[in-house]
């Protein structure tokens, strides 16, 4: 069994490497433009597990990338997301996809709370030098007593809800299933109208990409803040930015490739929500366990 790992070898500790080597032939190809095309010929006809870090790839694993492997058994990802993998091809060819769930829950939830405080304390306006005097523009907001609306009460959504609850906020949520929790479940329409702070935390799929259209976002109240730790491609970003600029939305925060310096309350920190020392350690421990299980034919954390 070949364990083809598309990542930097130094990110694995000595114990993890020894464990991987105990179940297969570990291959770390050079991280060129297409490392899967640089393998020795026999690798493509032998049993293989591909463990792929998309940060060292291109966040798109296609059928063309996998077709050269005649006995590819598994794709093991160090990410929670997997929508960037051609799942249809994997299903047709009995290739198992695994991810590393929940390793970054704490880090991502803390990042969301930090973004919330950055908005209510007018950090974007401070960074751009817009705030200089005590006036309506510089007036800040306290979160205690406000309503936090969580869209998707999974692991991250639940942790954000717990943080908000401990800050003295009232928490409401909407989810495809009812959760065993003391938080109040409401419809999406009710949440968007009632919440002072809106946190989309849902998994991205064909159904959820239609949740936060422009029409839906029109119901958000004028004093609300919208804080997202999911892709900005699944909500009406331009519309929400327009509302902040014309004063009909209090603030907007979402991850972006670059931190924009703007004179309104729009905060776009880089996509580092998951990147804490503790989360990284959990990720590589879990990823190692997942690769080993796949190599032994006992796959865990199967998705897709």
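Key figures for this structure:
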read-out: Peptides ranked, highest mean first, by Cβ atoms within 10 Å: ranges 168-178, 135-145; value: 168-178, 135-145
read-out: Share, in percent, of DSSP beta bridges within the chain that are antiparallel, nearest 5; value: 5 percent
read-out: Linear extension gain, residue 278 paired with residue 133, 0.36 nm per residue minus alpha-carbon span; value: 48.2 nm
read-out: Coordinate range along principal axes, alpha carbons of segment 10-134, Å, largest first; value: 70, 34, 26
read-out: Centre separation in Å (Cα based) which lies between segment 237-304 and segment 101-170; value: 15 Å
read-out: The chain: calculated mean residue ellipticity at 222 nm from DSSP helix runs of at least 4, using -39500 (n - 2.57); value: -8500 deg cm²/dmol
read-out: Between 0 and 90°, nearest 10: helix 277-295 axis offset from the chain longest Cα axis; value: 40 degrees
read-out: Spin-label model distance (nm) - residue 22 vs residue 55, 7 Å beyond Cα toward Cβ; value: 2.7 nm
read-out: Mean separation of Cα contacts under 8 Å, 6 or more apart, over the residue count of the chain: relative contact order %; value: 20 percent
read-out: Ratio of the Cα radius of gyration of segment 105-267 to 2.2 N^0.38 Å, where N counts its residues; value: 0.98
read-out: Cα-based helix-to-principal-axis angle, 105-120 vs the chain, degrees rounded to 10; value: 30 degrees
read-out: Highest average packing first - 122-128, 110-116, Cβ atoms within 10 Å; value: 110-116, 122-128
read-out: Using distinct alpha-carbon pairs, which all enter the 1/r mean, Kirkwood radius of segment 123-178 in Å; value: 13.3 Å
read-out: Sites residue 93 and residue 189, calculated FRET efficiency, Cβ-Cβ separation with R0 45 Å, nearest 0.05; value: 0.60
read-out: Rounded tilt (10° steps) of 155-166 against the dominant C-alpha axis of the chain; value: 30 degrees
read-out: Where labels lie 7 Å past Cα in the beta-carbon direction, separation of residue 296 and residue 206 in nm; value: 3.6 nm
read-out: Full-stretch length increase - residue 260, residue 166 - with 0.36 nm per residue and alpha-carbon distance subtracted; value: 30.8 nm
read-out: Radius of gyration, Dmax [the chain; alpha carbons; angstrom]; value: 21.9, 70
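Quick note: the coordinates plus some simple rules give every number you see, no bench work behind them. Quantities reported herein were computed from a predicted structural model and do not represent experimental measurements. Backbone-built Cβ (ideal geometry, glycine too); neighbour counts: all protein chains shown.
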